[in-house]
1. State yes or no: is residue 188 at pLDDT below 95 and touching a strand residue (DSSP E or B) at 6+ places or on another chain (Cβ under 6 Å)?
2. Tally up the residues in region 86-97 that are at pLDDT 95 or above and either buried (at least 17 other Cβ atoms within 10 Å of the Cβ) or part of a helix (DSSP H, G or I) (or both), please.
3. Looking at (1) exposed (fewer than 13 other Cβ atoms within 10 Å of the Cβ); (2) assigned to a strand (DSSP E or B), which is the one condition that is false for residue 100?
4. Here is a list of conditions, (1) under 28 Å from residue 178 (Cα atoms); (2) buried (at least 22 other Cβ atoms within 10 Å of the Cβ); (3) over 12 Å from the mean Cα position of the chain (by Cα), and residue 105 meets all of them except one; can you say which number that is?
5. Quick check: is even one residue across region 173-184 touching a helix residue (DSSP H, G or I) at 6+ places or on another chain (Cβ under 7 Å) and either in a helix (DSSP H, G or I) or within 18 Å of residue 36 (Cβ to Cβ) (or both)?
6. Looking at 189, 139, 170 in this structure, which one is surrounded by 11 or more Cβ atoms within 10 Å (Cβ to Cβ) and without any contact (Cβ under 8 Å) to a residue 40 or more places away in the chain?
7. Hey, which of the helices (runs of 4 or more DSSP H) in region 1-73, taking only ones fully inside, have at least 1 residues that are surrounded by 14 or more Cβ atoms within 10 Å (Cβ to Cβ), more than 16 Å from the chain's Cα centre (by Cα) and at pLDDT below 95?
8. So which of 159, 127 ends up being outside any helix (DSSP H, G or I), surrounded by 17 or more Cβ atoms within 10 Å (Cβ to Cβ) and at pLDDT 95 or above?
């Protein structure tokens, strides 16, 4: 009985949260190609994939772990949040500090990650010079600084990789992606 109540609460929470989150579908493409609009669309594609990879996950899915050494689905989703923070911090000119350790619910992690992707996309869409975005990582011995290029092959590419893992994990746990989601068009077929 307790697990049924927990499931119903999660289901209601998921459906309420889903309605207010970005990336249910992708927006129309920008009218022109610039470095900023292309980078923005990459982040939008990531956000759309993340939205649907994490939509409708169950407690069983979140606990799924393919091997003893691997992360659980929830741990992987938490790592994607960290990557989204790294990207947004660089775009906002802030240092990334890994010393903070916060425990968040799945719903909060999902919401924050999607909002971080959306904010990052908006900043990039209007950017004229991507070289001004430096990734600054606070370490014990100082701050390491990386150019925007490292965002592409670092946190952004890594997040895409891990979203694929989440999709694989949920399929392995018996919960495939919802039907009708087109990754090519960024739309949901009804």
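1. no
2. So the count comes out to 6.
3. Going through the list (1) exposed (fewer than 13 other Cβ atoms within 10 Å of the Cβ); (2) assigned to a strand (DSSP E or B), residue 100 breaks only (2).
4. For residue 105, the exception is condition (2).
5. No, that holds for no residue.
6. 139
7. Passing ranges, in order: 2-18.
8. None of the other options fit; the residue is 127.
The values are calculated or read from the model by the stated rules, or taken from the named source; none is laboratory data. Quick caveat: nothing in here was measured; it's all calculated off a predicted structure. Cβ sites come from the backbone with ideal geometry, for glycine too, and all protein chains shown count toward neighbours.
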